[in-house]
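Novice: Could you have a look at this structure, given as structure tokens, before my questions?
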Amino acid sequence: MEYSKFMVLNADKIPQQCLPKHVAIIMDGNGRWAQAKNRPRVYGHKKGVDAVRQSVQFCTQLGIQSLTLFAFSSENWRRPEDEVNTLMELFLFVLSKEVKKLHKNNVKLNIIGDLSRFSDALRSKVDAAHELTGHNTGLQLNIAANYGGRWDITNAAKQLAEQVAAGQLTAAQITEQSMAEHMSMHDQVELDLMIRTGGDIRISNFLLWQAAYAELYFTDTLWPDFNEAAFAEAIACYVARERRFGCTGEQIKQLLAET
Ligand code: IPE
Ligand code: IPE
Ligand code: MG
């Protein structure tokens, strides 16, 4: 069966269990979007915030449980100082301005990444946002800031090593499960779909552990142009795929027939 954009936008036409429960996005292409318009790169980042708003609204409408957005990677510190500063200011501004609205919409905000390098002002905004929205039951919105997949895995290993050093655990007792329990977003549903905008076909050190079985979707659309229709296309592509998790297609069909 072919799933059209129309069907995705009318979510009641597709059973909820076919939709991804957790979507992550590498929001790439802001700089090129601005440069194509002869504007500074920063203009693209500002426009990118509108695309974030649209995506949050879209996920809320579709009943998606978790949306994880890559806002700033651990490698993005390598950018010119000006651009890094502007990105930090923008982040601070968005946190101040948008959190109340998110709260009103029952969104639970969660910033993931190594926050130790951020300013005190930014960290206190993050704490306040976590506190305000912590009990919300709607969309779980994770913003990855100074995040790196390798950092996440290293961090989990470090925590387990501390437990071993304290004699609470032996090295032999470390399992995939115990690693997973120390990874970012371990308390949320598994990642189903990872989208990258901007045309590049790589993961750029995003969710390495969590993406083990995620479907990957790459689009040339630049992030500021990623609107509801573009998101719907990504969902439609996901819905049409067969996820086999190492099984055969026949086994999956049988399983579906039994449920
Ligand atoms: C993504 O857009 C946003 C961040 C990495 C903060 P880019 O700034 O990477 O835009 P391009 O890839 O240079 O066009
Ligand atoms: C990935 O985009 C990081 C974010 C979207 C925050 P980049 O533009 O930094 O990735 P590379 O450098 O092209 O791999
Ligand atoms: Mg880029």
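Novice: In the stretch 20-50, how many are within 14 Å of ligand 3 (Cβ to nearest atom), assigned to a loop (DSSP other than H, G, I, E, B) and either modelled with pLDDT under 95 or open to solvent by 10 Å² or more (accessible area, probe 1.4 Å) (or both)? So that I can check it myself, show each step before the final result.
Specialist: Residues of the stretch 20-50 that are within 14 Å of ligand 3 (Cβ to nearest atom), as a first pass: 25-36, 41-42, 44-45, 48.
Still in the running and assigned to a loop (DSSP other than H, G, I, E, B): 27-29, 36.
Those still in the list that are either modelled with pLDDT under 95 or open to solvent by 10 Å² or more (accessible area, probe 1.4 Å) (or both) too: 27-28, 36.
Number of matching residues: 3.
Novice: Restricting attention to the stretch 51-87, which residues are more than 12 Å from the chain's Cα centre (by Cα), under 17 Å from Pro224 (Cβ atoms) and within 16 Å of ligand 3 (Cβ to nearest atom)?
Specialist: Residues satisfying the conditions are Ala51, Glu83, Thr86, Leu87.
Novice: Sort out which residues of the stretch 237-259 are over 16 Å from Met194 (Cβ atoms) and part of a helix (DSSP H, G or I), and write them in order of number.
Specialist: Within the stretch 237-259, Ala240, Gly249, Glu250, Gln251, Ile252, Lys253, Gln254, Leu255, Leu256, Ala257, Glu258 meet the criteria.
Novice: Filter the stretch 51-101 for residues that are among the hydroxyl-bearing types (Ser, Thr, Tyr), modelled with pLDDT of 95 or more and either outside any loop (DSSP other than H, G, I, E, B) or open to solvent by 60 Å² or more (accessible area, probe 1.4 Å) (or both) and give the result. First the steps, then the outcome.
Specialist: Looking only at the stretch 51-101, we keep the residues that are among the hydroxyl-bearing types (Ser, Thr, Tyr), and these are 55, 60, 66, 68, 73-74, 86, 96.
Pick out the ones that are also modelled with pLDDT of 95 or more and you get 55, 60, 66, 68, 73-74.
Those that are among the hydroxyl-bearing types (Ser, Thr, Tyr), modelled with pLDDT of 95 or more and either outside any loop (DSSP other than H, G, I, E, B) or open to solvent by 60 Å² or more (accessible area, probe 1.4 Å) (or both): Ser55, Thr60, Ser66, Thr68, Ser73.
Novice: How many of the residues making up the stretch 189-198 are open to solvent by less than 30 Å² (accessible area, probe 1.4 Å) and more than 10 Å from ligand 2 (Cβ to nearest atom)? Working first, answer last.
Specialist: Quick first cut of the stretch 189-198, residues open to solvent by less than 30 Å² (accessible area, probe 1.4 Å) only: 191-198.
From what's left, more than 10 Å from ligand 2 (Cβ to nearest atom): 191-195.
The qualifying residues number 5.
Novice: Please go through (1) among the charged types (D, E, K, R); (2) surrounded by fewer than 16 Cβ atoms within 10 Å (Cβ to Cβ); (3) within 16 Å of ligand 1 (Cβ to nearest atom) for Glu181 and return the number of the only condition it doesn't satisfy.
Specialist: The single condition Glu181 does not satisfy is (3).
Novice: When the stretch 230-242 is examined, which residues are found to be over 17 Å from the mean Cα position of the chain (by Cα) and surrounded by 14 or more Cβ atoms within 10 Å (Cβ to Cβ)? Give the steps one after another, and end with the answer.
Specialist: So in the stretch 230-242, the residues over 17 Å from the mean Cα position of the chain (by Cα) come out as 233, 236-237, 239-242.
Answer for the stretch 230-242, where residues must be over 17 Å from the mean Cα position of the chain (by Cα) and surrounded by 14 or more Cβ atoms within 10 Å (Cβ to Cβ): Glu233, Ala236, Cys237, Val239.
Novice: Report the residue count in the stretch 109-119 for those that are away from ligand 2 (no atom under 16 Å from the Cβ), more than 18 Å from Gln210 (Cβ to Cβ) and either aromatic (Phe, Trp, Tyr) or at pLDDT 95 or above (or both).
Specialist: Initial filter on the stretch 109-119 (away from ligand 2 (no atom under 16 Å from the Cβ)): 109-110, 116, 119.
Among the residues that remain, those that are also more than 18 Å from Gln210 (Cβ to Cβ) are: 109, 116, 119.
Filter again for either aromatic (Phe, Trp, Tyr) or at pLDDT 95 or above (or both), leaving 109.
The qualifying residues number 1.
The values are calculated or read from the model by the stated rules, or taken from the named source; none is laboratory data. Keep in mind the model is a prediction, meaning the values are calculated, not measured. Neighbour counts are summed over all protein chains in view; Cβ atoms, including those assigned to glycine, are modelled from backbone coordinates with ideal geometry. Ligands, DNA and RNA are excluded from the accessible area calculation, which covers all protein heavy atoms including side chains. Shrake-Rupley method; radii C 1.70, N 1.55, O 1.52, S 1.80 Å.
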